[in-house]
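Engineer: Below is one structure. I have some questions about it.
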Amino acid sequence: MALFSGATLLFSACATAAPQPATYSNPILYADYSDPDIIRVGKSYYMVASSFHFSPGLPVLKSEDLVHWKLITNAVPKLTFAPAYDMPGPFELDDAKSKPVTGTHYAGGIWAPSIRHHNGLFYIYFPTPDEGIFLTTAKDPAGPWSAPVAVIAQAKLEDPCPFWDDDGQAYLIHGKVGAGPLILHRMSADGTKVLDDGVVVADDKERLPVLEGPKLYKRNGWYYIFAPIGGVGTGPQAVGRAKNIYGPYEWRDVLVPTNDIKGPHQGGYVETPSGQGWFVHFNSEGAFGRIDHLQPVKWVDDWPVMGDDGKPVLTHAMPDTGVRHSDFRLQDSDEFSRKALGLQWSWNHNPDDSRWSLSERSGWLRLKAGEARSLTTSRNTLTQILQGPAMQTTARLDISRMTDGQRAGVSLFGVKPVWIGVVRENGVSRITYASAGVETPGPEVTGQTVELRAEALPDQTSRFAYSLHGKAFISFGEQVPLSKFSWWKGSRPALFTFNKKDANGAVDIDWVHVTHEVR
């Protein structure tokens with residue numbers, strides 16, 4: 001039986017499985033799956049996360065044991081909400097600064113989503129801060145998902161969560177950009193539109209500062225709002241409860257910061273078939289973004305007690321899910337041998353689909369350069385999530401199609417991006433390192449192929465190297481700190497090409513190999 005019918009918690013009569021001796025360690029996902037929400041349907045768990053200006057967006061992950069996860073789809077294939085998601089320009093931004101972002105939609109896109117399963121259908125609600133609150137649905141969480149529809153076509157709203165009560169009445173709770181009050185609406189039974197202007201159910205700037213990210217549940221006749229307070233980087237997880245869905249709500253802090261985990265908040269609650277409670281939340285980790293932790297939850301006097309008596313745990317016994325071992329893992333390496341890009345890849349903003357191909361050269365990804373003055377304002381930068389505490393990304397490039405003015409390579413992409421690549425000028429190709437827009441030329445490349453390597457290290461610095469003619473890798477460039485927070489996202493390994501002179505040239509990428517070892 002599904003854990004949620006709407007968002008009402010269902011308690012199984014199944015017998016408790018034998019205890020599992022194994023333990024897990026936090027974070028369960030050392031990756032920037034920010035603003036997570038989670039449900040269980042049958043014996044499977046599904047998680048969604050914010051993806052902002054990356055396309056495709058709205059990742060959907062699956063787990064069998066709540067600890068090991070894999071991507072199963074991106075629910076929104078393209079950001080169609082405004083022209084700026086195509087990066088039309090003109091630009092004031094460059095690689096040396098983070099704003100203004102005119103001509104782009106950095107920090108826009110898909111903010112904190114919620115996922116629910118109701119009457120055999122999966123629902124995901126998500127906001128885009130400048131356009132409104134949207135809904136997409138699917139019968140299968142792996143897709144296809146429906147084209148998003150606007151539930152509320154209004155800017156400056158955030159963090160929606162639906163709820164279907166026992167009598168079938170649907171509700172939607174959300175906040176306002178800037179962490180305003182929490183507002184509750186009645187909603188149509190199919191969840192596609194709100195039926196009123198909404199009622200403020202929580203607004204207390206002293207007791208509940210920076211209140212956002214609400215999730216609405218019902219248990220034992222109580223309505224619960226789970227919501228983080230205090231801001232992205234710091235602050236506890238708060239829970240409010242009331243006998244009436246409109247309140248008044250009594251609030252408690254149920255998961256508080258420690259020296260190790262300074263912001264253990266914003267996420268979703270789920271129960272295993274045996275009745276164990278678990279809370280998935282993020283903790284901001286600088287260049288690695290907002291990474292995901294898993295906390296046990298007990299109920300005492302109809303209040304949730306999270307972690308170790310309200311403090312986040314770093315290790316704990318595995319959840320009793322009935323699965324002793326799962327081989328799920330996040331996808332990363334790619335041989336580009338399939339007809340479609342792997343689920344791990346998302347473009348920076350929407351791509352120009354005429355300028356990339358997996359079919360023009362079988363087994364290779366071809367990126368065709370567009371004209372741009374900087375990496376930050378170039379299109380078709382292909383990224384994937386950074387996995388910590390260390391990640392080494394190596395790519396093999398065929399540079400024989402490059403033309404004068406073109407750059408191509410591997411970046412740790414974010415504000416003031418750093419990269420290693422090849423620059424072709426005056427008929428000569430050179431290994432080049434760049435940091436915040438400043439390029440440092442290196443040795444000439446006389447062969448057709450080159451291997452490039454970007455490393456994110458546990459101290460959140462970057463390291464780069466190259467290999468020519470299949471020989472040993474040679475370090476090049478400076479070991480500089482990665483950007484700590486790039487338009488609401490962590491740094492991301494990326495493949496790119498652009499041309500400062502015109503829209504000519506291309507690069508072919510044979511493979512990308514990822515490891516998570518420090519060498």
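The values are calculated or read from the model by the stated rules, or taken from the named source; none is laboratory data. Everything quoted here is computed from the prediction, not taken from an experiment. Reconstructed Cβ throughout: ideal geometry from the backbone, glycine too, with neighbour counts over all protein chains shown. Remember, those area values only see protein heavy atoms, side chains included, never the ligands or the DNA or RNA. Shrake-Rupley method; radii C 1.70, N 1.55, O 1.52, S 1.80 Å.
Engineer: How big is Rg to Rh over region 52-144, alpha-carbon atoms, Rh as the Kirkwood inverse-mean-distance radius?
Structural biologist: Working: Rg = 15.7 Å, Rh = 14.8 Å.
Using only Cα positions, Rg/Rh for region 52-144 is 1.06.
Engineer: Moving on to the next point. For Asp130, enumerate residues with amide H under 5 Å from its amide H, sequence gap 5+ or separate chain, H modeled in the peptide plane.
Structural biologist: Gly109, Lys156
Engineer: So, one more: Residue by residue through region 422-438, what is 3J(HN,Hα) from phi via Karplus (6.51 cos²θ - 1.76 cosθ + 1.60, θ = phi - 60°)? Round to whole Hz and write x for glycine and proline.
Structural biologist: 10, 10, 10, 9, 6, x, 10, 9, 10, 4, 9, 10, 9, 9, 6, x, 9
Engineer: Right, another one. Accessible area, 1.4 Å probe, largest first: how do Ser354, Ser378 sort?
Structural biologist: Details: Ser354 80, Ser378 5 Å².
Order by accessible area, largest first: Ser354, Ser378.
Engineer: Taking the Kirkwood radius as the inverse of the mean 1/r across Cα pairs, report the Rg/Rh of the chain. Before the final figure, lay out each step's value.
Structural biologist: Working: Rg = 23.3 Å, Rh = 23.6 Å.
Rg/Rh for the chain comes to 0.99.
Engineer: For Phe413, which sequence-distant residues (separation of 5 or more, or a different chain) have an amide H within less than 5 Å of its own amide H, given hydrogens modelled in the peptide plane?
Structural biologist: Correct list: Arg492, Ala494.
Engineer: How much accessible area does His349 have with a 1.4 Å probe, in Å² rounded to the nearest 10?
Structural biologist: 0
Engineer: If you roll a 1.4 Å probe over the heavy atoms of the protein chains, what accessible area per residue do you get for region 212-321, in Å²? Please report the intermediate quantities before stating the final value.
Structural biologist: On the way: 3440 Å² over 110 residues.
Per-residue value: 31 Å².
Engineer: Using the Cα atoms of region 321-417 to build a convex hull, what is its mean projected area in square nanometres? Intermediate values should be presented prior to the final figure.
Structural biologist: Values: hull surface 35.3 nm².
The directionally averaged projection comes out at 8.8 nm².
Engineer: Jot down the per residue volume, in cubic angstrom and as a whole number, of the convex hull over the alpha-carbon atoms of region 73-123.
Structural biologist: Here the figure is 104 Å³ per residue.
Engineer: What is the spin-label model distance, in nm, from Val149 to Arg252 if the labels are put 7 Å beyond Cα along the C-beta direction?
Structural biologist: So the two model labels end up 4.0 nm from each other.
Engineer: Quick check: from the Cα gyration tensor, does region 369-519 come out rounded (a/c under 1.5), prolate or oblate?
Structural biologist: The shape class here is oblate.
Engineer: Moving on to the next point. Let me see the P(r) profile for region 351-391: every Cα-Cα distance counted, bins of 5 Å, each bin given as a percent of all pairs.
Structural biologist: Computed distribution, short to long bins: 5, 19, 20, 20, 15, 14, 6, 0.
Engineer: What order do Asp334, Asp260, Asp130, Asp197 take when sorted by accessible area (1.4 Å probe), most exposed first? Walk me through the numbers on the way to the answer.
Structural biologist: On the way: Asp334 10, Asp260 110, Asp130 75, Asp197 150 Å².
Most to least solvent-accessible, the answer reads Asp197, Asp260, Asp130, Asp334.
Engineer: Can you give me the accessible area per residue for region 96-165, using a 1.4 Å probe, in Å²? Write out the running numbers ahead of the final one.
Structural biologist: Working: 2270 Å² over 70 residues.
In whole numbers, region 96-165 has 32 Å² accessible per residue.
Engineer: Here's another thing I want to ask about it. At 1.4 Å probe size, put Ser55, Ser483 in order of accessible surface, largest to smallest.
Structural biologist: Most to least solvent-accessible, the answer reads Ser483, Ser55.
Engineer: Turning to a different aspect of this structure: Which of the GluC sites (Glu not before Pro) found in region 304-388 are in a DSSP loop and have at most 10 neighbouring Cβ atoms, other than their own, within 10 Å?
Structural biologist: Numbers: sites: Glu335, Glu360, Glu371; in loops: Glu335, Glu360.
Here no loop site has a sparse enough neighbourhood.
Engineer: Of the heavy-atom accessible surface of region 288-405 (probe 1.4 angstrom), what whole percent is carbon and sulfur? Don't jump to the answer; show the numbers that get you there.
Structural biologist: On the way: 2120 of 4650 Å².
Percent of accessible area from carbon and sulfur atoms in region 288-405: 46.
Engineer: Now for a different question. Translational D (Stokes-Einstein, µm²/s) of region 141-217 at 4 °C and 1.567 mPa s when Rh comes from the Kirkwood sum over C-alpha pairs?
Structural biologist: D = 97 µm²/s.
Engineer: Which entries in the list Lys176/Lys218; Lys70/Lys368; Lys43/Lys78; Lys43/Lys484 go over 26 Å, if you measure between the two C-alpha atoms of each?
Structural biologist: Numbers: Lys176/Lys218 23 Å; Lys70/Lys368 30 Å; Lys43/Lys78 30 Å; Lys43/Lys484 37 Å.
From Lys176/Lys218; Lys70/Lys368; Lys43/Lys78; Lys43/Lys484, over 26 Å: Lys70/Lys368; Lys43/Lys78; Lys43/Lys484.
Engineer: Across bins of 10 angstrom width beginning at 0, how are the C-alpha pair distances of region 208-303 distributed, in whole percent?
Structural biologist: 16, 49, 29, 6, 0
Engineer: On to the next question. If I take all pairs of Cα atoms in region 248-403, what percentage of them are more than 18 Å from each other?
Structural biologist: Numbers: 8652 of 12090 pairs.
Pairs farther apart than 18 Å: 72 percent.
Engineer: With every protein chain in place, what's the accessible area of His68 (1.4 Å probe, Å², nearest 10)?
Structural biologist: For His68, the solvent-accessible surface is approximately 70 Å².
Engineer: Got a sec to turn the phi values of region 87-99 into Karplus ³J(HN,Hα) couplings, 6.51 cos²θ - 1.76 cosθ + 1.60 with θ = phi - 60°, whole Hz, x for Gly and Pro?
Structural biologist: Result, ordered by residue: 6, x, x, x, 10, 9, 7, 8, 6, 9, 8, 9, 7 Hz.
Engineer: Kindly write out, for region 226-241 in residue order, the coupling ³J(HN,Hα) from the Karplus curve 6.51 cos²θ - 1.76 cosθ + 1.60 (θ = phi - 60°), rounded to whole Hz, with x marking Gly and Pro.
Structural biologist: 3J(HN,Hα) across region 226-241, in whole Hz: 8, 8, x, 9, x, x, 5, x, 9, x, x, 9, 10, 9, x, 9.
Engineer: If you count only protein heavy atoms and use a 1.4 Å probe, how large is the accessible surface of Val151, to the nearest 10 Å²?
Structural biologist: So the heavy atoms of Val151 present about 10 Å² to solvent.
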